[in-house]
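Structure, as structure tokens:
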Amino acid sequence: MTDRIRPRTWKRVIWAWKLFRAGRAEITGDWEAGLQLIDEAAQMNDLWPYHRVLRAVLLVRGQRMSEAQLAFVALWSEFESSDDPDDLYLQAYCKATLETIWGNPTPSVDRTGHSPPSLLNRAIRERFPIPDHDLWSAVDRQFT
């Protein structure tokens, strides 16, 4: 990731504010606004892995499944070459989410842990818990 905006500038503050508001929009259920804010932030500066995964999640929540699948596959491939524990966790999250979307869960996803706990890793795990396929099945049955 190479930043295009220098730290400690107003442009950087605006970029960060858009990302913050995108996260809030996801929490409040305004997924299209969240997508728009993330896309605007991406035009200003590179997104961190966390925000790229959030964008894919917003695509799923907005029922844009083909775009979401492409985004999750791209992220999964991108994180494959990383040694960062947080990226490896996000890769497992992407894989589990894709398996849930495709309807073919495999027991190969380790839901317990991929790395030693760190403050960032804890925040990522809380924000992006690896989907429990049994829970998704129950939700699907409820709405069908």
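Sorted by mean Cβ packing within 10 Å, highest first, what order do the peptides 72-84, 16-28, 88-100, 34-46 take? Write down the numbers at each step before the final one.
On the way: 72-84: 14.7, 16-28: 16.7, 88-100: 21.4, 34-46: 18.2.
Descending mean neighbour count gives 88-100, 34-46, 16-28, 72-84.
Report the extension gain between Ile27 and Ala74 in nm, rounded to one decimal, defined as 0.36 nm multiplied by the number of residues separating them, less their alpha carbon distance.
The span from Ile27 to Ala74 would gain 14.5 nm if fully extended.
Subtract the Cα-Cα distance of Ala16 and Arg122 from 0.36 nm times their separation in residues, and report this length gain in nm to one decimal.
36.1 nm
What full-extension length gain, to one decimal in nm, is calculated for Met44 and Asp84 as 0.36 nm per residue of separation minus the Cα-Cα distance? Can you show the working numbers first?
Details: separation 40, 0.36 × 40 = 14.40 nm, distance 2.48 nm.
Roughly 11.9 nm would be gained on extension.
FYI, it's all coordinate maths here, none of it is from the lab. As the structure is a prediction and not an experimental result, all values here were calculated from the model. All Cβ positions, even for glycine, are placed from backbone atoms using ideal geometry, and neighbour counts span all protein chains on display.
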